[in-house]
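The values are calculated or read from the model by the stated rules, or taken from the named source; none is laboratory data. Quantities reported herein were computed from a predicted structural model and do not represent experimental measurements. Heads up, the Cβs are rebuilt from the backbone with ideal geometry, glycines too, and the neighbour counts pull from every protein chain shown.
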Amino acid sequence: MDGFMRVHKVLLILTLGCLPITAAADYSDHPSATALVNRVAERGIDRDWLRSALSEATRQESILKAVSRPAEKSKPWSEYQDIFLTVRRAKEGIEFWRENKETLERVSQATGVPAEVIVAIIGVETYYGRITGGYRVIDALSTLAFDYPRRSPFFTKELEVFLELAYQSGLPLAELKGSYAGAMGLGQFMPSSYRAYAKDFEGDGVIDIWKNPNDAIMSVANYFVAHGWRPGAEVITAARFSGDPTLFDAGLKPKLSIEALAGKGLTPVTEQSVDQLATPIQFDGKSGKEHWLGLHNFYVITRYNHSAMYAMAVHQLSQTLRAQML
């Protein structure tokens, strides 16, 4: 990816510390390491460097515990709202918006992605860059690739991408931090997402999503564009329901028309195009069951995180931010 070759110029000045080492684990000797090294070496990466990089990684038990119990799955929508739709998160979102108003306006105009959606994503992901993660990325990805069989294929691919990018750019492996899953920067991009979607706002050849909000904003917007965001289109609409509850097992992707869903008992509260595709959504809200019709842009938000509650939190936070900025 253009810019990543020189991103170390930015990373080298980041004030990143190292986590305390709780258990030594030389991943260069792991049974799966040889195959990984062979695959990445085929892309032109030095084998000795790869083994040295893996030997620096430390197994983190706290990562394995965290990834095995994602908070969202254990909480109803009503509690999820209490986490992400707070007065403080809205207040700090308005501050972030005002501080980056010019960039947000330029990016929104260029991409069609509303400023409030970009700000809401960064707000939900990292509290506007305040909480970007305290794990070394090399530890997180290695721990999950080698010691979390359930999702090892996914994290192994991410580790391979990270190693490749680190070698090409001189990235300081021992310093770069992220989430327990290896997500990085204000927008929490996995290495593969960084390579595919991160963008350089200033045009200086450096893509810094860690400390430069301009690049982070542009990168989030580009992610949405790449996943089919439709400028000006609605995200979700409230509905009334009287029918078979199994209707809400349909998944996140809109597959049925609003007319077809109305025939199954899910009717939009406001007038909608009857041939528009939607997905049925049901939440356990603070006042009982909530029923919604998720539209195309709602599905696009779920490409960032494959969760209806996540997408709804982003949407509702974005609406609060927009209302307060008017």
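Which of the residues belonging to segment 25-42 are among the acidic types (D, E) and in a helix (DSSP H, G or I)? Working first, answer last.
Just the residues of segment 25-42 that are among the acidic types (D, E), to begin with: 26, 29, 42.
Within segment 25-42, D29 is the sole residue that qualifies.
A quick yes/no check of all residues on (1) part of a helix (DSSP H, G or I); (2) among the hydroxyl-bearing types (S, T, Y); (3) touching a strand residue (DSSP E or B) at 6+ places or on another chain (Cβ under 7 Å); (4) surrounded by fewer than 20 Cβ atoms within 10 Å (Cβ to Cβ):
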residue: S152; (1), (2), (3), (4): yes, yes, no, yes
residue: Y180; (1), (2), (3), (4): no, yes, yes, yes
residue: L186; (1), (2), (3), (4): no, no, no, no
residue: E202; (1), (2), (3), (4): no, no, no, yes
residue: V220; (1), (2), (3), (4): yes, no, no, no
residue: T237; (1), (2), (3), (4): no, yes, yes, yes
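Here is a yes/no grid of residues against (1) surrounded by 14 or more Cβ atoms within 10 Å (Cβ to Cβ); (2) under 16 Å from N305 (Cβ atoms); (3) in contact with a strand residue (DSSP E or B) (Cβ under 9 Å, 6 or more places away or on another chain):
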residue: W77; (1), (2), (3): yes, yes, yes
residue: D82; (1), (2), (3): no, no, no
residue: V87; (1), (2), (3): no, no, no
residue: A90; (1), (2), (3): yes, no, no
residue: E99; (1), (2), (3): no, no, no
residue: E105; (1), (2), (3): no, no, no
residue: Q109; (1), (2), (3): no, no, no
residue: A120; (1), (2), (3): yes, yes, no
residue: V124; (1), (2), (3): yes, yes, no
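Taking the conditions exactly as written (touching a residue at least 40 places away in the same chain (Cβ under 8 Å), under 30 Å from R59 (Cα atoms) and assigned to a loop (DSSP other than H, G, I, E, B)), does K253 satisfy them or not?
Answer is no for this residue.
Can V37 be described as surrounded by 15 or more Cβ atoms within 10 Å (Cβ to Cβ), assigned by TED's automatic domain parsing to the domain that holds K177, modelled with pLDDT of 95 or more and out of contact with any Phe, Trp or Tyr (no Cβ under 6 Å at 6 or more places or on another chain)?
Details: surrounded by 15 or more Cβ atoms within 10 Å (Cβ to Cβ): yes; assigned by TED's automatic domain parsing to the domain that holds K177: yes; modelled with pLDDT of 95 or more: yes; out of contact with any Phe, Trp or Tyr (no Cβ under 6 Å at 6 or more places or on another chain): yes.
For V37, the condition - surrounded by 15 or more Cβ atoms within 10 Å (Cβ to Cβ), assigned by TED's automatic domain parsing to the domain that holds K177, modelled with pLDDT of 95 or more and out of contact with any Phe, Trp or Tyr (no Cβ under 6 Å at 6 or more places or on another chain) - is met.
Return only the number of the condition from (1) small (G, A, S); (2) under 20 Å from R89 (Cα atoms); (3) buried (at least 18 other Cβ atoms within 10 Å of the Cβ) that G294 does not satisfy.
(2)
Filtering segment 243-267 down to residues that are closer than 20 Å to R230 by Cα and in contact with a helix residue (DSSP H, G or I) (Cβ under 8 Å, 6 or more places away or on another chain), which residue is surrounded by the fewest Cβ atoms within 10 Å (Cβ to Cβ)?
Top of the filtered list is K253.
Kindly provide the set of residues from segment 188-198 that are touching a residue at least 60 places away in the same chain (Cβ under 8 Å) and out of contact with any strand residue (DSSP E or B) (no Cβ under 8 Å at 6 or more places or on another chain), ordered by number.
R195, A196
Return a yes/no flag: does segment 129-147 have any residue that is modelled with pLDDT under 95, among the acidic types (D, E) and either in the same structural domain as E42 (by TED's automatic domain parsing) or touching a strand residue (DSSP E or B) at 6+ places or on another chain (Cβ under 6 Å) (or both).
no
When you scan segment 111-167, how many residues do you find that are touching a helix residue (DSSP H, G or I) at 6+ places or on another chain (Cβ under 6 Å) and on the phi > 0 side of the Ramachandran plot?
Here the count works out to 1.
Which residue out of A57, A66, A23, A71 is over 29 Å from S219 (Cα atoms), modelled with pLDDT under 95 and of a type in the set (A, V, I, L, M)?
Within the list A57, A66, A23, A71, the selection yields A23.
Picking from G187, G182, which residue would you name as being in the same structural domain as V137 (by TED's automatic domain parsing), within 13 Å of the chain's Cα centre (by Cα) and closer than 20 Å to L64 by Cβ?
Within the list G187, G182, the selection yields G182.
How many of the residues in segment 285-299 are over 16 Å from A260 (Cα atoms), outside any strand (DSSP E or B) and more than 19 Å from the chain's Cα centre (by Cα)?
Qualifying residue count, segment 285-299: 2.
Kindly evaluate G243 against the criterion of being farther than 22 Å from R130 by Cα, part of a loop (DSSP other than H, G, I, E, B), in the same structural domain as S52 (by TED's automatic domain parsing) and in contact with a Lys or Arg (Cβ under 9 Å, 6 or more places away or on another chain).
no
I'm told L11 meets every condition in (1) buried (at least 18 other Cβ atoms within 10 Å of the Cβ); (2) over 28 Å from the mean Cα position of the chain (by Cα); (3) modelled with pLDDT under 50 except one. Can you identify the failing condition by its number?
(2)
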